[in-house]
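Comments concern the structure below.
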Amino acid sequence: MTLLVLFGVFALTLYSGVPVAWSIAISTLAVITLGFVPLPPAWFAQQVFNGANSIALAAIPLFLVAGGIMNEGGLTRRIIKVADDIFGRIRGGLGLVNVATCMVYGGITGSATADTGAVGAVMIPAMTERGYPRDFSAAVTAAAGTLGIIIPPSVVMIMYGVITNTSIGGLFAAGIIPGLMLTITFMLTAYWIGVRENFPKSDNRPTVASFSRHLFRALPAVLMPVGVLGSMLTGIVTPTEAAFVAVVWALVVGGLVYREIGWGKLWSVGDETVKMTGAIMIIMAVSVPFSWILTVEEVPQWTAGLLHDLGAGPVVTTLLIILLLTFVGTWADLGPTLIILAPIVHPIGLEAGLQPYQLGLIFVISGGIGLFTPPVGTNIFVVCNVAKIGVNPVTRRLIPFFITSNICLLIVAFVPATTEWLPKLLGF
């Protein structure tokens, strides 16, 4: 009955138009107020405070600020020039340029939405101008934009680490190989489509001098994720300290090296960061009492027992976890998905034999796929708004990327070395 009230009130308020964070809070308070969990309202306030009182969460606004400063400082344009010199002369090469730019930019922002919006605003008009179909330009941006939460640092990994008490540094290390694997997969998919449909290629043959010039100009920004991640993965700094290093680096590069950051742009970056951080922190705060009730009601144990009674072995359990996360990801944003499912799925996945970092990457990649899958794929709506195009043609173009990204997800799920080897090598 407790769970019926908890999820019933949550669903009712959510589909009545109440924001997700308040729906979670109201459903939790309903269970307490109606006496299903004998605790005073003060307990709820205390748990909400504890949910936001985590030093690890301070890394989220810092990484968002660093990414915003780098974008306003001209990072995206400089990365595109270097990538265009490398891939531009390949048939359909701007699709590869798009993916490469999303990979580098995602390694700075840690946000899929920011990655998609920033790269899409530059790449979609550029690809359209060179004769690429607008729906393909939007589709490759929507898919590649998810690299922002897979290539470390990642805001979603920080949230998952806090919710499940998993090492954030270890999750960052675990995301490197799957992130590169997805990058290569998206590039091969874009290349295959480009060759099959005879997309244009650049006639400009870059010289050594022009490539060196473009690389030199982009190098201070491109080295940022390398320096920040290197200092963190080697144990010199914590993830939160690494985020502070990223902000300082971004200010130096954007303000002193590129000289494109002024007080007006800094104010805009700060304003956007406060809005995004506020939404994330409220969700993280109210998730603690919500998750506590799920744990006390033994929902993970009940679900694991049900799977055991059905005769579901480790392979079937893993496939069911992937199916559940992918399905929910198509309907819900990553924040609510993590809050509701992580406390339930995490212990079940560990019992099925999945490793902690492997399970975390399954969560992140599944959520990323949901971001470019209808009907509520956030990245789709971002690129459709930029490209001024309908959802249906972009959705059709996304089918090859959906297939290949799910293949990568299955590799991560059934080849533990893809996520466990590097963290162990680095001592996590």
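The values are calculated or read from the model by the stated rules, or taken from the named source; none is laboratory data. Small disclaimer: the values here were computed from a predicted structure and weren't measured. Cβ placement follows ideal geometry from the backbone for every residue including glycine, while neighbour counts extend to all protein chains displayed. With ligands, DNA and RNA removed, areas are computed over all heavy atoms of the protein, side chains included. Shrake-Rupley method; radii C 1.70, N 1.55, O 1.52, S 1.80 Å.
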> What is the diffusion coefficient of the stretch 110-264 in µm²/s, taking the Kirkwood radius over Cα pairs and the Stokes-Einstein relation at 25 °C with a viscosity of 0.890 mPa s?
Replying inline: 138 µm²/s
> Can you give the accessible area per residue of the chain, in Å², using a 1.4 Å probe?
Replying inline: 42 Å²
>> Under 15 Å from a point placed 7 Å out from the Cα of Lys388 along the Cα-to-Cβ direction: which residues of the stretch 95-125 have their backbone N that close?
In response: 121-122, 124-125
> Dipole of the chain, Cα-centred, from +1 at each Lys and Arg C-beta and -1 at each Asp and Glu C-beta, to the nearest 20 debye?
Replying inline: 1420 debye
>> Against the 2.2 N^0.38 Å scaling, with N counting residues, where does the stretch 126-180 land? I'd like the Cα-based Rg ratio to two decimal places.
In response: 1.54
> Say the dipole of the chain comes from +1 at the beta carbon of Lys and Arg and -1 at that of Asp and Glu; which of Ile344, Ala11, Gly73 then lies farthest toward its positive end?
Replying inline: Gly73
> Sorted by average packing, counted as other Cβ atoms within 10 angstrom per residue and highest first, what order do 392-404, 37-49 take?
Replying inline: 392-404, 37-49
>> If every alpha-carbon in the chain counts as one equal scatterer, what log10 I(q)/I(0) does Debye give at q = 0.07, 0.08 1/Å?
In response: -0.34, -0.44
> Given Ile90, Asn379, Pro423, which one lies farthest toward the positive end of the charge dipole of the chain, if we put +1 on the Cβ of every Lys and Arg and -1 on the Cβ of every Asp and Glu?
Replying inline: Ile90
>> Looking at the calculated P(r) for the stretch 317-385, what percent of the C-alpha pair distances fall above 20 Å?
In response: 26 percent
> Over the chain, what percent of the accessible surface lies on carbon and sulfur atoms, probe 1.4 Å?
Replying inline: 69 percent
> For the stretch 119-268, what is the charge dipole size about the Cα centre, in debye to the nearest 20, if Lys and Arg each add +1 at the Cβ and Asp and Glu each add -1 at the Cβ?
Replying inline: 340 debye
